[in-house]
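None of the figures in this text is laboratory data; all of them are computed from the coordinates on show. The shown structure was predicted, so the numbers you read here are calculated from the model rather than taken from an experiment. No Cβ is skipped: glycine too gets one built from the backbone with ideal geometry, and neighbour counts run over all protein chains shown.
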Amino acid sequence: MKKLSLNRTQLKIIAIISMVIDHTAWGFVDFYSPLGQFLHVCGRLTIPIMCFFIAEGFRKTSDLKRYIYRMATFAAVAIIPFYIFFHEEYDYRQNIIFDLLLGLLVLTVLESKKLKKPAKVILAILLFIISATVGGWIITPILFILAFYYGKTFGQKVKWFIIADLITVIFLVTAIILNGYLHFSKYDWVWWDKFYLLGFMLALPLLYCYNGKKGSNFGGRYFFYLFYPMHFLVLAAIKAFVEGTVTPWSLYLSVHVVGLVLVLAITMLTIFNKPSKGQISVLFMEFGALTYTIGFILEIMSDTVEGVHFACLVEYFGEYTLFLAVLYFVSVLTSKKYPSFIFALLSIASLIFLYILAKTRKTHFFYKEIGVNFDGPFSRPELVYGPGFYISIIYILLISIFILVACLNKLRKASPIEKKRLLYVLISLILCWLPYVIKLSGLTGGYEIPALGIIGAVFCMYLCLNRLGFLDSVVLAGTNALDHSREGILVVDSNYIVQYQNAQIGKIFGLLPVNRDLRRHAMLGPVFNNKIRTMDVDGKIFDFVLEPLTEINYVQGYMLWVIDNTEHYKSMEKIQELAIRDSLTGLYNRNHFQELVELDLYEGKSGTFVMIDMDNFKQVNDKNGHQCGDAVLIALAGILKEYPEDDLYSARLGGDEFCGFLRGETDKEEVAGHLQKFVDNFEKKLADLGYAGITSLSMGAVTTGEIEGDISFKKMYSLSDKVLYEAKMAGKRRFIIK
């Protein structure tokens, strides 16, 4: 029979279902009833699965600090929903995410390479004490996590887990029996009360089926973290309805409290994104949304004029912050760098409106009157609008219109990913204004529901940032390192507009234009259009490497590396020169000389091939030494080098044998003039060196016009060598031309 295979996502879904069953039983079913006992046993699957994946997560995580921070954040987010549902049962004790966080911290302490053993022991004991005093499940989750982490085989993990579970049950049964005599706890449990905890072992067969695979990303990256607090709120609402304790006011308040928790959770999720301008602007928006929602909750809870007035101040501060943050977000999104003074002026204008609102009970300018209306199912603020209110609405409306126009203008030339981002922003803008439209329609009976629109707007902005990403997260994360790089580094977005350039780029290309497609730039255009990869700038040779920057499966832009390879190319030139030149004289070697001559002949060019030999050169070395011989060779090479390559190719074949190719020269009288010049200048140089008369030159030359049939290097070399031999036999110190 084939073994059942479960991936991580499937096991977590089982854990969620088990958790909902357990908490539903706590809220609606008598604990001591058979159904209650059965449901609670079914609910024991959750904690072992959670503990198992904490141990797995610690082993596999690439960023432990981020993992701990994420757990701590969601443990904090879950506090209020946990107490709303469990306040009578748990008092000051914390939720399961807090317990799992303690287990994660215990592992961190025990596996730390920086802490010494005494420090590890002290910190671990401290964490166990915290778990025992305020943890929801006293030290049990920590023991389970340790069992799953330190068990080398699955069998060993199971053994230690069962031991930990039995210790937990035995301890609690003993404590319950002693409490019957000593009364140290307020809980009046019976001795068999905790045997349902043996149901933890039912999770072991499921964990045995774990295949080590991740599975599909069900519900998004943080679904399992968010589900925990949210299901408490849902169950608490259902419980309130069942018990008949729900009033319109409590429902109205609860909806906005839930909204506040959601915005707080989304804010925490945003912090997990890479640092970027996009992230900062969304965080400011979420801060504004949090402030506004808090102000609105204060407003609907207030039954005095002073309370409503203060709540309005908090609301408008949040609202102004929110819209300014969206404007900044759009400036980042559309690559439009609005001048700083615009944001400064808008901030000052917002503060002025807040000041006018603060003084409105005296001036009656923002609101003519502030009151509380007690008609209806619950109280609500009664505000008589003044000129300041309408000016404030126009101010916010103008910012919204500016955002709308900027988005629509960008849409015309936007890439597919930019269009998706802009769509999220436009939806957010609509959601911010939609509650006001609904109120004016009369559907809510005059009651405001702006916080609900705010929640939707915040969620859309978070999706825009989290799912579609921002190039500047790459830019800002490495700015300091890039500024100190020896290479030129240029970052552009998907429209090839400059997002970042380090100091080296400025030195090479000067100040690059902002908001301009660099594919049209005179120097860099060919690089971005993939036409060139190397460029000479002011005597320096630069190589270009263009890399796409991908985040969340989208190409967000490109990074251009400009590498100064001048020294490399110079070294290559030196290596190439060594490969084609004679090391002593600096003239070409035979192979390269042959390639040059063959190329001229292939192209049909004419010329004269000259073989040069020094007379009695062996005696020069024997009588005067090799140092003298080298000087003589270098002297002849110097004479040949005086000719430009357009006129003469020259080479040392080896020893005292040289050759040349007078390019385009076939007139024998002209050739004779050149050869005589070789002889005269050579003898003059020897005299200058103090070696007069120790050797002389013999030369044989053949013009291309004298060659019958195909002209080749081999044929010219052979013929000129024969002519040189004739010159030698005729008495040396002479040349013959054929």
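Temperature 37 °C, viscosity 0.692 mPa s: under these conditions the Stokes-Einstein estimate for segment 549-612, based on its Kirkwood radius over C-alpha pairs, is 203 µm² per second. Excluding same-chain neighbours fewer than eight residues apart, the lysines reachable from residue 337 by a Cα-Cα span under 20 Å are 277, 410, 413, 419. For segment 1-137, the direction-averaged projected area of the alpha-carbon convex hull comes to 11.0 nm².
Considering only 616, 633, 599, and ranking their Cα positions along the charge dipole of segment 595-635 that arises from unit charges at the beta-carbon of Lys, Arg, Asp and Glu, the one farthest toward the positive end is 616.
So for the chain, considering every pair of alpha-carbon atoms, how many percent are separated by more than 33 Å?
Of all Cα-Cα pairs in the chain, 69 percent lie more than 33 Å apart.
Summarising the amide proton neighbourhood of residue 139: residues at separation of 5 or more, or on other chains, whose placed amide H is nearer than 5 Å comprise 132.
State which entries of 570/738; 157/239; 574/738; 507/531 exceed 31 angstrom in Cα-Cα distance in the structure shown. Check vs 31 Å cut-off fails for 570/738; 157/239; 574/738. Here residue 113 is the anchor, and the lysines within straight C-alpha reach of less than 20 Å, apart from those fewer than 8 places off in the same chain, are 60, 65. Along segment 14-19 the Karplus relation, 6.51 cos²θ - 1.76 cosθ + 1.60 evaluated at θ = phi - 60°, assigns HN-Hα couplings of 4, 4, 5, 4, 4, 5 Hz to successive residues, with x for each Gly and Pro.
Dividing the alpha-carbon Rg of segment 581-737 by 2.2 N^0.38 Å yields what? Before the final figure, lay out the partial values.
Details: Rg = 14.9 Å, N = 157, 2.2 N^0.38 = 15.0 Å.
Ratio of Rg to 2.2 N^0.38 Å for segment 581-737: 0.99.
Phi-derived couplings, Karplus 6.51 cos²θ - 1.76 cosθ + 1.60 at θ = phi - 60°, listed residue by residue for segment 382-397: 10, 10, 9, 6, x, x, x, 5, 5, 5, 5, 5, 4, 4, 5, 5 Hz, with x used for Gly and Pro. Other residues lying with their Cβ under 9 Å from the Cβ of residue 719 contribute a combined charge of +1, Lys and Arg counting +1, Asp and Glu -1.
Go through segment 552-625 and name the GluC sites (Glu not before Pro) that are in a DSSP coil and have 12 or fewer other Cβ atoms within 10 Å of their Cβ. If you can, show how the numbers build up before the last one.
Working: sites: 567, 573, 577, 595, 598, 603; in loops: 603.
Of the GluC sites (Glu not before Pro), the ones in loops of segment 552-625 whose Cβ has at most 12 other Cβ atoms within 10 Å are 603.
If you plug the beta carbon distance of residue 714 and residue 529 into 1/(1 + (r/R0)^6) with R0 = 45 Å, you get a FRET efficiency near 0.45. Using DSSP loop states and a limit of at most 12 other Cβ atoms within 10 Å to flag chymotrypsin sites (Phe, Trp or Tyr not before Pro), what is the longest stretch of the chain containing no flagged site? Between exposed loop sites, the widest span is 375-738. Past the 32 angstrom mark, what percentage of all C-alpha to C-alpha distances in segment 247-469 do you count? The proportion of pairs with Cα distances above 32 Å equals 19 percent. Remark on residue 696: its backbone amide H falls under 5 Å from those of 615, a criterion applied only to residues 5 or more positions apart or on other chains, H modelled at 1.01 Å from N. Counting only aspartates and glutamates at least 8 places from residue 213 when in the same chain, those with an alpha carbon closer than 16 Å to its own are 56.
Here segment 626-718 is treated as an ellipsoid with the same Cα gyration tensor; its semi-axes, largest first and in whole Å, are 26, 14, 11. Stretched out straight at 0.36 nm per residue, the stretch from residue 213 to residue 65 would grow longer than its current Cα-Cα span by 50.9 nm.
Note on segment 1-241: Cα Rg divided by 2.2 N^0.38 Å, N the number of residues, gives 1.01. For the charge dipole of the chain, defined by +1 on Lys and Arg C-beta atoms and -1 on Asp and Glu C-beta atoms about the Cα centroid, which residue among 307, 402, 557 has the Cα displaced farthest towards the positive pole? Result: 307. Near residue 11: Cβ cut-off under 14 Å, other residues only, Lys/Arg at +1 and Asp/Glu at -1. The net charge is +3.
Order the peptides 694-704, 631-641 from the highest to the lowest mean number of other Cβ atoms within 10 Å of their residues. The partial results should precede the final answer.
Details: 694-704: 22.8, 631-641: 18.8.
Most protected by this proxy first, the peptides run 694-704, 631-641.
If you plug the beta carbon distance of residue 79 and residue 511 into 1/(1 + (r/R0)^6) with R0 = 45 Å, you get a FRET efficiency near 0.30.
Looking at segment 496-580, which trypsin sites (Lys or Arg not before Pro) are in a loop (DSSP not H, G, I, E or B) and have at most 14 other Cβ atoms within 10 Å? Qualifying residues, ordered by number: 516, 531, 533.
Below 15 angstrom from the Cβ of residue 322, what's the summed charge of the other residues (Lys, Arg +1; Asp, Glu -1)? Show your work: numbers first, answer last.
Numbers: positive: none; negative: 286, 315, 319.
Overall, the nearby charge balance is -3.
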